[in-house]
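**Student:** Take this structure first; my questions come after.
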Amino acid sequence: MSKARIPADDYEWLHWMQGFASHVAMAPADYELTVEDALALNDAVARFQEAMAEAYSPRRSAETIRLKNDTRMEAVKLCRQYAAAIERYDRISGEENLKASIRPPS
């Protein structure tokens, strides 16, 4: 998955990540992933969302910003890993890729 496919802005990223994670969670086996993979992805999304809320709250501090950035990096890594794996599987249709917000193979 190219880095350009993932938004740079925290809010846009969170929106994309939530859609990707929720779609994968509906039927992880359709994407050659396990239930544990889907749970890990949803957990990463939730941790980033919580950290982001703190980082943009009146309690904003260097620590809350660091935590947001760290959880975002973890979530990005996991999303890229799963999206790249999904892109590689020939058995996953272009339509299914699009449903998960992944560019279908050309």
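**Student:** With (1) under 16 Å from the mean Cα position of the chain (by Cα); (2) surrounded by 14 or more Cβ atoms within 10 Å (Cβ to Cβ); (3) over 14 Å from residue 18 (Cα atoms) as the list, and residue 80 as the residue in question, which single condition is left unmet?
**Tutor:** (3)
**Student:** Sticking with this one: Here are some residues: 62, 27. Which one is modelled with pLDDT of 95 or more and among the aliphatic types (A, V, I, L, M)?
**Tutor:** 62
**Student:** Being part of a helix (DSSP H, G or I) and exposed (fewer than 13 other Cβ atoms within 10 Å of the Cβ) is the filter here; which residues of segment 6-27 pass it? Quick ask: steps written out before the conclusion?
**Tutor:** Start the filter on segment 6-27 by keeping residues that are part of a helix (DSSP H, G or I), which leaves 10-26.
Within segment 6-27, 11, 12, 26 meet the criteria.
**Student:** Filter segment 28-77 down to residues that are of a type in the set (S, T, N, Q) and within 17 Å of residue 16 (Cβ to Cβ) and give me whichever is surrounded by the most Cβ atoms within 10 Å (Cβ to Cβ).
**Tutor:** 71
The values are calculated or read from the model by the stated rules, or taken from the named source; none is laboratory data. Computed from a prediction, not measured in an experiment: that's the story for all the values here. Cβ sites come from the backbone with ideal geometry, for glycine too, and all protein chains shown count toward neighbours.
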